[in-house]
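Notes follow the structure.
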Amino acid sequence: MNARATAESIALPVLALAGGLALFGVFVWFGGHSPLEAWALLFKGAFGDSFSIQNTLQRAAPLMLTALAVALPARAGLTVIGGEGALVLGGLATAALPYAIPLPQGSLGTAILLVAAAAAGAAWVALAGWLRQWRGVNETISSLLLGYVAIALFKHIVEGPLRDPASLNKPSTLPLEESLRIGTIAGSDVHWGLAFGLVACALAAFWLALTTHGFATRVVGGNPRAARLVGLPATALIVTACALGGAAAGVAGGIEVAAVHTSANASLIAGLGYTGILVSFVARHHPLAIAPVAILFGGFLAAGSLLQRRMGLPDASVQVLMGFCFVLILASEALRGRLGELFVLRRPPVGGAAAPAGAAA
């Protein structure tokens with residue numbers, strides 16, 4: 001990638017985010033509030049003090065993993081948006097496994113829970129890739145519908161067979177034993193899920209850039225015709241990419257259960273998988289770029305309560321901001337390869353003057 005393409009890949013998401021913030025300011029202004037105050041509170045609630053930063057990092061951890069559920073299939077040429085389903089099934093597997101088998105205490109038991117979460121998420125998203133390759137089903141539609149099926153399955157099991165009788169108003173599974181839960185980092189409020197997210201992004205970047213399998217996956221996604229000509233196993237590569245992405249989202253669900261909620265309940269269905277779609281698109285599906293983008297959007301989510309307290313805006317108003325950003329990041333693709341033409345004036349030909357604007361050819 002040359003310098004111009006690299007600059008364009010950075011500039012377009014930045015402009016889309018700036019446009020999203022501007023439109024959010026207009027939205028706030030129509031509600032009778034000051035856009036400047038809303039922008040200030042957004043960044044204060046996200047990064048204004050140590051409490052805000054810890055809250056931001058805690059919310060960013062699952063976004064990194066659910067974004068990988070979009071980014072890795074995207075590098076194989078698929079648009080998969082089923083991270084929410086993989087997340088809730090990963091959380092369900094984490095909460096349900098202690099019902100089925102006795103687990104060792106401590107970190108080994110926690111590791112087994114997260115492996116089960118990864119397996120559940122991997123199987124669910126890989127199913128979308130399999131349907132695309134063997135049955136020709138559009139992966140965007142199938143992954144979205146599979147997400148709804150996963151949520152329905154989650155609710156049925158949590159509110160039925162695995163319901164804790166003590167959970168009266170909010171159906172939940174039995175809480176995990178203390179020894180199986182994921183703790184916080186160095187006494188802060190940030191759990192170790194953040195480290196899992198950062199490591200997963202680094203490993204995904206290493207796999208895509210520095211392994212033969214990752215390179216073959218990128219070839220399949222970037223040039224399917226060339227992949228067929230050289231005999232690459234496109235189906236296996238695509239399903240593997242989907243499985244790896246689903247595993248990341250499943251681990252996100254497992255971490256939310258083991259570190260935040262301590263049991264599987266409706267709080268797990270918080271739209272983190274859908275926000276991960278936006279994070280991946282803003283990061284241009286690059287694993288290393290996912291981490292800072294997830295922190296930024298985690299900050300926006302953390303700032304929602306501050307907007308509610310200080311300005312009387314609904315806590316969900318930040319979803320409007322994210323909606324604006326998502327629309328603009330999709331629209332910005334129309335400018336790809338043409339951004340420089342909007343800002344760089346063409347030099348006149350040697351020996352002549354530049355033609356005036358609107359002059360006939």
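Each reported figure results from applying straightforward, stated rules to the coordinates on display, with no laboratory input. Since the structure is predicted, the reported quantities are computational estimates derived from the model, not experimental observations. So basically every Cβ, Gly included, is an ideal-geometry build from the backbone, and we count neighbours across all protein chains shown.
Restricting to Cα pairs below 8 Å that are 6+ residues apart, what does the relative contact order work out to for the range 50-172? Please round to a whole percent.
Answer for the range 50-172 is 27 percent.
Work out from phi, with θ = phi - 60° and the Karplus expression 6.51 cos²θ - 1.76 cosθ + 1.60, the ³J(HN,Hα) of each residue of the range 122-134, listed in order in whole Hz, and give x for Gly and Pro.
4, 4, 6, 6, 4, 4, 5, x, 5, 4, 5, 7, 9
Mind running the shape call on the range 124-259? Use the C-alpha gyration tensor, a ≥ b ≥ c as the square roots of the eigenvalues: rounded below 1.5 for a/c, prolate if a/b tops b/c, oblate otherwise.
Judged from the Cα gyration tensor, the range 124-259 comes out oblate (a/c at least 1.5, b/c at or above a/b).
Provide S305, S263, S9 in ascending order of the number of other Cβ atoms located within 10 Å of each residue's Cβ, fewest first.
In order of increasing Cβ crowding within 10 Å: S305, S9, S263.
Any idea what the relative contact order of the range 140-250 is, in percent, if you count C-alpha pairs under 8 Å spaced at least 6 apart?
10 percent
With axes computed from alpha carbons, what is the tilt in degrees of helix 317-331 against the longest principal axis of the chain, rounded to the nearest 10 within 0 to 90?
Rounded to the nearest ten degrees, it is 50.
What does the C-alpha gyration tensor say about the overall shape of the range 47-204? Classify as rounded when a/c is under 1.5, otherwise prolate if a/b is larger than b/c, or oblate.
Taking the square roots of the gyration eigenvalues as a ≥ b ≥ c, the range 47-204 is oblate.
Using Cα atoms only, what is the angle between the long axis of helix 50-75 and the major principal axis of the chain, expressed in degrees (0 to 90) to the nearest 10?
70 degrees
Provide the per-residue ³J(HN,Hα) series for the range 226-235, in order, calculated from phi with Karplus coefficients 6.51, -1.76, 1.60 and θ = phi - 60°, each as a whole number of Hz, with x at glycine and proline positions.
Calculated HN-Hα couplings, in order: 5, 4, 5, 5, 8, x, 5, x, 4, 4 Hz.
Highest first, please rank the peptides 280-291, 172-183 by the mean number of other Cβ atoms sitting within 10 Å of their residues.
Descending packing order for the listed peptides: 280-291, 172-183.
With the Cα gyration tensor of the range 185-296 in hand, give its eigenvalues times 5 under a square root as the equivalent ellipsoid semi-axes, listed largest first in whole angstrom.
31, 15, 13
Is the shape of the range 112-201 rounded, prolate or oblate, going by the alpha carbon gyration tensor and its root eigenvalues a ≥ b ≥ c, with a/c under 1.5 for rounded and a/b larger than b/c for prolate?
Since a/c reaches 1.5 but b/c is at least a/b, the shape of the range 112-201 is classed as oblate.
At 222 nm, what helix-only mean residue ellipticity would the chain give, in deg cm²/dmol to the nearest 500, using -39500 (n - 2.57) for each DSSP H run of four or more?
-23000 deg cm²/dmol
Which value, in debye to the nearest 20, gives the size of the charge dipole of the chain about its Cα centre, when Lys and Arg are +1 and Asp and Glu are -1 at the Cβ?
With only Lys, Arg, Asp and Glu charged at Cβ, the dipole is about 1040 debye.
Go through the range 200-210 residue by residue and turn each phi into a ³J(HN,Hα) via Karplus (6.51, -1.76, 1.60, θ = phi - 60°); whole Hz please, and just put x for glycine and proline.
Karplus values, whole Hz, x for Gly and Pro: 4, 5, 5, 5, 5, 5, 4, 4, 5, 8, 10.
Could you work out the local net charge near I53, counting Lys and Arg as +1, Asp and Glu as -1, over the other residues with Cβ closer than 15 Å to its Cβ?
Around I53, the charge tally is 0.
How do the peptides 74-87, 204-217 rank, highest first, by the average count of neighbouring beta carbon atoms within 10 Å per residue?
Ranked by mean Cβ neighbours within 10 Å, highest first: 74-87, 204-217.
Charges at C-beta only: +1 for Lys and Arg, -1 for Asp and Glu. How large is the resulting dipole of the range 146-238 about its Cα centre, in Debye rounded to 20?
Roughly 560 debye, rounded to the nearest 20.
Relative contact order (percent) for the range 50-311, with alpha-carbon contacts under 8 angstrom and 6 or more residues of separation?
Result for the range 50-311 is 43 percent.
V80's amide H: which non-local residues (gap 5+, or another chain) put their own amide H closer than 5 Å, with H modeled 1.01 Å from N in plane and none for Pro or chain starts?
HN-HN under 5 Å from V80: A74.
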